[in-house]
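Every number in this text was worked out from the coordinates using simple rules, so none of it is lab data. Keep in mind that what you see is a predicted model, and the values were worked out from it rather than measured. Glycine also receives a Cβ, built like all others from the backbone with ideal geometry; neighbour counts cover every protein chain displayed.
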Amino acid sequence: MDDRSRRTTVLSRHWSQPGSEAAFVMRSLAGALSRLGPVDVLVPGWATRSRPDGAFDVRAVGAGAGEGSWPDMDECGWSTGEPPAAVLVHADDRAATTLARAMAPAARVLALAGPGRRVPAADSPDAWLTVAGPAGGGAMPPGARRILDVGMHVAINLLAKVQRHNGLGFSDYLLVLSDRSGRRQTPDVGDRRDRRVTPLAAWLAARFPRDHVVVVESATAAVWRARSLRGLVRVDTRMDLWRLMAHARCTIDLGPGPIVGRECVESLRLGTPVVAPTGSAAEAAALAGGFAFRDVPELLAAVAELADPGRRRERGEAGQATAEARYGDPVRFVDRVGGALAAVGGPTGGLDP
Amino acid sequence: MVATLALNPRELLNEGSPRPTGLTLLAAPTLLEHAPNPGPHLAPVRQATELTAVHRQWAQLHDVEPRPAPRGVRARLRRRLVGAGERLLGPALSEERELVGGLIRATEALAVRCDELASRVECLEDVLVEVVNVVSEDLTSVRAALERADLPTPARDDPERPLVLAPTAGVASRRPADG
């Protein structure tokens, strides 16, 4: 294929949401696509000029009535100068699929599978891209015909294993990533009114009083032991989080990301087993190197089992091997994305669900 | 934007993403407001500087070492005067000496008791931590088991039966729970 046939357009309404995993995954895919050909990134919004954003020039093509919604076709600022060979959209963005069909009728439409809603057959893309495997990657919308598993590259810094987090004088703790989102005011260890903890973390702190339970929430790690709060440590950078993961007995992700469960993958790559909810995008990662749980007894049993050093080492090594193979090689990721593009261009290809 | 992602702690990653956990918990365990924390080791009161100084001074006052015989006129005169004074004030001095001795013995007894209480408190603190740990582990396990037993068990072939762990809508498909 020449450059023209590999030109790709990314339609992403999540692109400018740095907190969402959808943006993280779409940016990774766009980065891989940029190794294969030109990539245009289009977002809803009003702007007269392209906005430089890392390796891309992000262009706003107008907006619809709702916040973050795409414009109507007659108001869309999508340049039709050089038609793309493929358009990449989010699976839950029906309007983007419709827009792609209208503005680039010859292009294949690829949808990044995620926490999808039901997509009518008329709006279905030509193929679904999944990064966490056919079994993972969140819910595949019903009716998905062609699923292309491209994997992903999830970067970590292995130096995190060398030195633990400066704020903690111990290791072998239970690292709990909270399922509460949003910015909360940092609690003060002396303020008893703000010692609430997310319910599942409370179960863990109560069940494992002899262990340090480190609960990360709102960029703060709260250290619990003997069923009581012992201190608070800031988690300001990604490196801080990786250090916490690298020296933990296990990472318990109570609210993994909806597409790949990024933190679970990072933890596995650092050799730390993962415990994650069944049915989440991180279930595959948890099954590869840890445990998945459906309810509180299973959560407690999984964490108790990882208290055995042999079991912990075994699950950690298995998970690390799986995560390295699937998420640790950027070259392979680019190759798989290229393979997906080639597959979607032909009459067959990809994996049937 | 890239910088924000690079510095992205957990908090930023969570924003805008649906949260998958939605366990139907009856009630999470209550955590403690006060940490059952053993305090620092208490040094024995009997070894306090003030008490050892009192004992040392008392011992010096009652030094029973035989004094050398006075030599010279002045020394002999001083000894006779002291002896006369002791004979004259003897009963009163003896009572004061007994009082001071009694105070010192009482202080010693209090110090011994304080040290014993400190030892017991330390022991109790250790026991409290142990009790909190053991009871917390056992009670939480029992509660978790009871909560599982309390959950409804819909028909196995019911496609609409809820998950035991019900992820937030949109994150996972509603799959029947096993068993």
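I'm checking a number: the convex hull volume of the Cα atoms of segment A:158-327, normalised per residue, in Å³. What is it?
Here the figure is 103 Å³ per residue.
Using only C-alpha positions, report the orientation-averaged shadow area of the convex hull of chain A, nm², one decimal.
Reported value for the Cα convex hull: 18.6 nm².
Considering the options B:Val82, B:Leu128, B:Ala144, tell which one lies farthest towards the positive end of the dipole of segment B:75-144, charges being +1 on Lys and Arg and -1 on Asp and Glu at the Cβ, about the Cα centre.
Of the candidates, B:Val82 comes out farthest on the positive side.
What average count of beta carbons from other chains do you get within 10 Å of the Cβ of residues in A:27-35?
For this peptide, the per-residue mean of nearby foreign Cβ atoms is 0.
Hey, in the GNM for chain A with a 10 angstrom Cα cutoff, which one of A:Gly133, A:Gly151, A:Gly64 fluctuates hardest?
Top of the fluctuation ranking is A:Gly64.
Using Cα springs under 10 Å in a Gaussian network model of chain A, which residue among A:Glu305, A:Glu283, A:Glu82 shows the largest mean-square fluctuation?
A:Glu82
Between A:Gly279, A:Gly271, A:Gly289, find the one with the highest GNM mean-square fluctuation for chain A; connect C-alpha pairs within less than 10 Å.
Of A:Gly279, A:Gly271, A:Gly289, the Gaussian network model singles out A:Gly279 as fluctuating most.
Once Rh is set to the Kirkwood radius over Cα pairs, what Stokes-Einstein translational diffusion coefficient, in µm²/s, holds for segment B:75-144 at a temperature of 25 °C and a viscosity of 0.890 mPa s?
In µm²/s, the coefficient is 141.
Within segment A:158-327, what percent of beta bridges assigned by DSSP are antiparallel, to the nearest 5?
Bridges in segment A:158-327 that DSSP calls antiparallel: roughly 40 percent.
If you restrict to DSSP beta bridges whose two residues both lie in chain A, what percentage is antiparallel, to the nearest 5?
30 percent
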